[in-house]
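Student: Just dropping this structure here.
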Amino acid sequence: TMNRELPLTQYPRYIAVISSSKAAGYQDFINHLTNNPYGYVFMPELFETVMQGETTERSVIEALDRISGTASHYDTVVIIRGGGSTTDLSWFDSYDIAFYITQFPLPVLTGIGHEKDLTVTDMVAWRSLKTPTAVADFIVAQTLECENRIIEMASSLYTEAAGIISSAEEQLSSLQNRM
């Protein structure tokens, strides 16, 4: 649960993406972020990675290493891969990847496989979502929630300021009448 204990910024704008540029899941993720209905702007940076086969573990850990060297540039890390067979996804049952995520300085979101799939990498991540698209939707929803909180705070601030101004105007009017 160590990665879950990290705070996720309210507006995760700078996103380190661990995926293959050729993966359909990566393209879906980028499309959902870019074409979100609210016009939010995100800055995803791809860390090209092998997402299937014997070099998956080494490739993912190397990407995490590169990101950790510049962790202050990112709000979160996303590990995404489209669906596949249980054998294809078994590379994400790696102890080394899981351990690395538990020690990672940024929240890690995963979208590996389909709804029914669950890997060890998913279990130790800050949040596991069923698909790359679901990860993008989660990030957009986080941003919408942040915007709504800002709007509520602005409204409260406006109401409070209007009350203070009204009270001050009444005091001023009263002082003018007494003078």
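The values are calculated or read from the model by the stated rules, or taken from the named source; none is laboratory data. If you're wondering where the values come from, they're calculated on a predicted model, not measured in any experiment. Positions of Cβ are backbone-derived with ideal geometry, glycine not excepted, and every protein chain shown enters the neighbour counts. The area values use the complete protein model at the heavy-atom level, side chains included, leaving out ligands, DNA and RNA. Shrake-Rupley method; radii C 1.70, N 1.55, O 1.52, S 1.80 Å.
Student: With just the Cα atoms defining each centre, how far is the range 61-79 from the range 1-33? Give it in Å.
Tutor: That distance is 11 Å.
Student: Ignoring ligands, DNA and RNA, what percent of the accessible area of the chain is carbon or sulfur (1.4 Å)?
Tutor: 55
Student: Residue separation times 0.36 nm, minus the C-alpha to C-alpha distance between SER166 and TYR95: what's the value?
Tutor: Extending this stretch completely gives an extra 19.2 nm.
Student: Once the piece of chain linking LEU157 and ARG127 is laid out straight, how much longer is it, given 0.36 nm per residue of separation minus the C-alpha distance between them?
Tutor: 7.5 nm
Student: Dividing the convex hull volume of the Cα atoms of the chain by its residue count, what figure in Å³ per residue is obtained?
Tutor: That works out to 136 Å³ per residue.
Student: Mind checking the per residue accessible area of the chain for me, 1.4 Å probe, whole number of Å²?
Tutor: Accessible area per residue: 56 Å².
Student: Additional query: Taking 0.36 nm per residue of sequence separation and subtracting the Cα-Cα distance, how much length would be gained by fully extending the chain between VAL41 and LEU6, in nm to one decimal?
Tutor: 10.3 nm
Student: About the Cα centre, and with charges only on the beta carbon of Lys, Arg (+1) and Asp, Glu (-1), how big is the dipole of the chain? Nearest 20 debye, please.
Tutor: 140
Student: Given a Förster distance of 45 Å, report the FRET efficiency between ASN177 and TYR14 from their Cβ-Cβ distance, rounded to the nearest 0.05.
Tutor: Working: r = 57 Å, r/R0 = 1.27.
Efficiency computed from Cβ-Cβ geometry: 0.20.
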